[in-house]
Structure formats: C-alpha cells, structure tokens
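What follows is one structure encoded as structure tokens, with my remarks underneath.
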Amino acid sequence: MTLVDGPRRAVVIGGGVGGLASAALLASEGWDTTLFEARDELGGRAGSWERDGFRFDTGPSWYLMPEVFEHFFRLLGTTAERELDLVPLDPAYRVYSDPSTGLSPLDVRSGRAEATALFEGVEPGAGARLDAYLDSAADAYDLAVSRFLYDTYETTAGLRDPALLRRMPQLAPLLTRSLARHVERRFTDPRLRQILEYPAVFLGGSPYGVPSLYHLMSHLDLGDRVLYPRGGFTELVAAIARLAEASGVAIETGARVTAITTEAAVATGVELAGGHRVPADLVVSGADLHHTETRLLPRAAQTYPEEWWRSRTPSPGALLVMLGVEGRLPQLAHHTLLFAREWRENFTDIFGARPRIPAPASLYICRPSATDPSVAPPEHENLFVLVPVPADPQLGHGGIDGGGDAAIEAAADEVIAQIAEWCGIPDLAERIVVRRTVAPGDFADDFGAWRGNALGLAHTLGQSAVFRPRNTSRKVEGLSYVGASTLPGIGLPMCLISAELVVKRLRGDRSPGPLAEPAKV
C-alpha cells in the first residue's frame, strides 16, 4: 500500500506510545493528522496516576534499547538528550530469593566486567561462561536490529539474503531451543539462571516457551545500561506528544472511536461515540489489535477475526499494586526482583491448563523514589509492584484503598507480606499511606486488552518476526496497525519501531533496516 502521492488525511486511533509516535511521524511526512484517544489522558498502558503527592507510572518502567529511542527522536529532528533527563541506574537491579533457600540477595550492575565478576563470585567458572553468553547475546541483538525488527515483511527477500542464510546453522538451535534450556545448560546457581531467564517476562512469555534467540535481552541489562527518565515515563509520553503537536498533529482526548468506516474494502475514516464521522485517507489503529479487528470492523473486513485469536497466546495479565509508603526503604533498589523457589511452577500457574495467581510469586518492584524525589513527598517512598498472573479478566478488578474485588485485594495483601518478609521490611503494611490495585479486568475494560493481558501477544516462536501480525490490514486498504501485538512486538522501543514500519510501508521501503536519519539534528 503506497498512498504518499494521494490525499494525505490521516486519523490515528489511540494515544499510547505507538499511536503518538505514528501520528508524529506521519505529520512530519506531511500528513494532515488527527489523533483520537478514548481516555482523558495520553499514554495508554504507559500511563500515570497521582494521589497525595505521589506520582506512579502505571506501566513500563525499564528504559532499555536507548539507541531505538535516540533514532526515533532523530527522525523528528531532535535527540533523547534534549527531550529527556536520562539517569543511569546503579545497581541496575537487585535480586531477592525465597528466604527458605538461604541464598543471599544480589546487586546486578550493568557492564560486561561487573556482570562477569558477579557471576564468577557466585559460581566459579560462570564468569567466563557469561562472557561467551553475552558475546552471543550481543551478536543476536545486532542481527535482530539489522535484519528483523525494522523489516515490514512485505516480502521474504530479507529472510532469503545469502548472508543470513549462511548463519542459519547457528540460528536454528536458537529458534528451536527454549530460553530456559539454553540457560540451564550453562549455569547452575538458581539466581544466575533466573537473572538470565526472567527477561522472557518482558517479552510476554515464559522462559520455557520463548525461543532462546531472545537471550539477546541480556545484552540490554547486563551488557548495556539500564536508564531512567527523570520524572518518570510520563515524561517520555509528554515528549512524544509535544513533538507530535509541534509537527501539526491535532490530539483529542475523551474521544472514543467506535468504528472504522470503509467503502469497497477501503478505509474512509472513523466514527466516534455519538455518531460523528471523521473522514480520512489513512487510518492507523494503536488500539488493542483484537479490539480493532473484532470491535471496530465488520466481520468481512477483519484480517484477524475471533477464530484467529483462539489459537494464539497472550502475554500474562498483571496484578499491579501501587503503594505510597511512609519512611525510607533502602532494602529496595530502583528495580528489585523477587524470585520464587518454585520457578517453573510459577510459569505453569500463569500459562498452564489450570491458571491461578502464583503464591508466593516471582514479582517485580519499582522504587523510582530511590532515584527521583519528585515522585513522592519528602521522607516517603513510591512503590510500583507487578505480579505476572494469568490473562483472565475474570480474575477481577482492582481499586483504591482496598476497594477492589476481594480476591484481588487478598492477593495484594499476600504480595505486600511477601515483600516485607523477603526484603526485611517487617512493618511495611503499617507504613502504607496510599494504595491502589489494578487487575486483568481493568486492562480489559480500560484498554480493550484481549483476555485482560498486560503486554500484547506473547513472543512465542509462532508469534515472532515473520509470524507476527503485520502493520497493515490484508482486507482493508488504507488501514494500518501499530502497537505491541503487531510487528515487531512488545515494549516501548518495539512500539516506536512499529510506528516507523507504518511509515516504511507508506514509502514502499522494503529494506530490513531503519529509516535514514536527517543529516543534521
């Protein structure tokens, strides 16, 4: 689909990072662009919530793949340094194990030398093995960026490149072997295994289900740096929105799109709640892909109808617990991970035939107040806790100050008790002054998330790269998709790349690499 020479009116559905990025890039390409966001605030799953002097990021909290952010900003004539105040984290994160294991906590510092020293200190010989592991991870990451992530897969030419085919003997085992098997052949200490396997959760999957090609993720937190945008990820959303508006995008919040209008299999615009129709020559939906396909389009126009989804795997759902806490919490780093002894059983609880909320859970805690005093009142701490749970809206809804469904609040109580015990904060529950929970039912209601999942389609082998939903409809000309369930996948950097793929499609650019940046920024 190439519409560059025709009319240039574009409508973008959804003000998440993917939608905002698409709108900004389209406007910079000369499209007359309007963005409609159903909620009153921008950001989508990368949202923000404030109460009593606390400000919580309600979604992404890891700033990884900084070169992707830098490339995106440069496409719009600026840099990450100009738009964000990025702070490197030291330690990158802290790891606690179940106290019953007798294993001590570990501080993980980014950088090859620091990471290999940590592994060697825990398990003799593991430092050298990690060095080789990170060489492979860096190579896989470079391959992903140069060959896979920026490819629209309009053709298979990139996959048939002789240089890539020559590497297939090395790539094939990485595609057919699970990440867990790849790691556990090399390392014995459970903490080291978990450090290398947990990134599967960032991909919406289980280390027993994602291919070992994704060991490339360890290049990001161990080989590269972990950064934090001061002020929180709401600053990233604000920066992209600012650039979009500067490029001419009209942004309307509180404007729910109820249908994508079509005529003779061509997108003609959108219809808003209340019946008002907005014409467009291009519609880009950053709404949840399942919602876009099954709710905004008639059955005959759906590329991914309901029956397609029945054989697909969602990412986990999430139980989010936001806590404002009185007093300091030095026991927690900016990022802290708690790893359950029943590691594999945790993932079976989430993805297995009889899903349930794991207890005790392997969970993640963000304490941004360790780095950023603006997110909490003086002498208070801001905690964001994420517990991967089954993708099932029937698990219920969260609430404020214990006002969510009883089962959700009981699970949150267990999580708070677990953090208190494992991290040595016995009075944690008594020090909480602000509390909010969010559950899969909220993700389904607030974002139209398929099955209440938190991240998008999981990165199983059959839902990655060429097998992932493309960025344009096969049934409706002039309809494109952006976001975590489309190419290239889950995460803020992937959403920025998905916006770029929309533009590459419009340009007719079938190269496997990113768009050329302006000569001078």
Restricting the range 297-355 to residues that are of a type in the set (Ser, Thr, Tyr) and touching an Asp or Glu at 6+ places or on another chain (Cβ under 8 Å), the one nearest to Ile400 (Cα to Cα) turns out to be Tyr304
Residue count for the range 181-193, restricted to those that are part of a helix (DSSP H, G or I), in contact (Cβ under 8 Å) with a residue 60 or more places away in the chain and crowded, with 21+ Cβ neighbours inside 10 Å: 2
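Only one residue in Thr460, Thr437 is open to solvent by 10 Å² or more (accessible area, probe 1.4 Å) and under 24 Å from the mean Cα position of the chain (by Cα). Which one?
Thr460
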Can you name the condition, by its number, that Arg470 falls short on among (1) crowded, with 24+ Cβ neighbours inside 10 Å; (2) within 27 Å of Ser178 (Cα to Cα); (3) of a type outside the set (Phe, Trp, Tyr)? (1)
Can you name every residue in the range 145-175 that is at pLDDT 80 or above and among the acidic types (Asp, Glu)? Asp151, Glu154
Pairs, please: C-beta under 6 Å, at least 6 apart or cross-chain, first residue under 21 Å from Gln302 (Cβ atoms) and assigned to a loop (DSSP other than H, G, I, E, B) and in the range 481-492, second β-branched (Val, Ile, Thr) and open to solvent by less than 10 Å² (accessible area, probe 1.4 Å)? Val482/Val284; Val482/Val502
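For the condition free of Cβ contacts under 8 Å to residues at least 12 places away in the same chain and either in contact with a Gly (Cβ under 8 Å, 6 or more places away or on another chain) or closer than 30 Å to Pro169 by Cα (or both), what is the one hit in Ser218, Ser311?
Working: Ser218 fails: free of Cβ contacts under 8 Å to residues at least 12 places away in the same chain.
Of the residues listed, the single one that is free of Cβ contacts under 8 Å to residues at least 12 places away in the same chain and either in contact with a Gly (Cβ under 8 Å, 6 or more places away or on another chain) or closer than 30 Å to Pro169 by Cα (or both) is Ser311.
Return the total of residues in the range 144-180 being of a type in the set (Val, Ile, Thr) and open to solvent by less than 20 Å² (accessible area, probe 1.4 Å). Spell out the reasoning first.
As a first pass, look at the range 144-180 and keep what is of a type in the set (Val, Ile, Thr): 145, 152, 155-156, 176.
Then keep just the ones that are open to solvent by less than 20 Å² (accessible area, probe 1.4 Å); that gives 152.
Residues that pass the stated criteria total 1.
Does Ile408 qualify as being in a helix (DSSP H, G or I) and either at pLDDT below 95 or touching a Gly at 6+ places or on another chain (Cβ under 7 Å) (or both)? Write out each step before concluding.
Values: in a helix (DSSP H, G or I): yes; either at pLDDT below 95 or touching a Gly at 6+ places or on another chain (Cβ under 7 Å) (or both): yes.
When the stated conditions are applied, Ile408 passes them.
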Qualifying positions in the range 272-321 - among the aromatic types (Phe, Trp, Tyr) and either part of a strand (DSSP E or B) or touching a Phe, Trp or Tyr at 6+ places or on another chain (Cβ under 7 Å) (or both): Trp309
Is it the case that the range 209-221 has a residue that's open to solvent by 30 Å² or more (accessible area, probe 1.4 Å), touching a helix residue (DSSP H, G or I) at 6+ places or on another chain (Cβ under 9 Å) and farther than 24 Å from Asp85 by Cα? yes
Number of the condition not met by Ser22 [criteria: (1) surrounded by fewer than 20 Cβ atoms within 10 Å (Cβ to Cβ); (2) assigned to a helix (DSSP H, G or I); (3) of a type in the set (Ser, Thr, Tyr)]: (1)
For the range 101-112, check the following and say yes or no: at least one residue is assigned to a helix (DSSP H, G or I), in contact with a helix residue (DSSP H, G or I) (Cβ under 9 Å, 6 or more places away or on another chain), without any contact (Cβ under 8 Å) to a residue 40 or more places away in the chain and not aromatic (Phe, Trp, Tyr). no
Would you mind telling me which numbered condition in (1) more than 24 Å from Gly205 (Cβ to Cβ); (2) surrounded by fewer than 23 Cβ atoms within 10 Å (Cβ to Cβ) Ile419 fails? (2)
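The values are calculated or read from the model by the stated rules, or taken from the named source; none is laboratory data. Quantities reported herein were computed from a predicted structural model and do not represent experimental measurements. Here the Cβ is made from the backbone with ideal geometry for all residues, glycine too, and neighbour counts use every protein chain on show. Just so you know, the surface numbers come from the protein's heavy atoms only, side chains and all, with ligands and any DNA or RNA stripped out. Shrake-Rupley method; radii C 1.70, N 1.55, O 1.52, S 1.80 Å.
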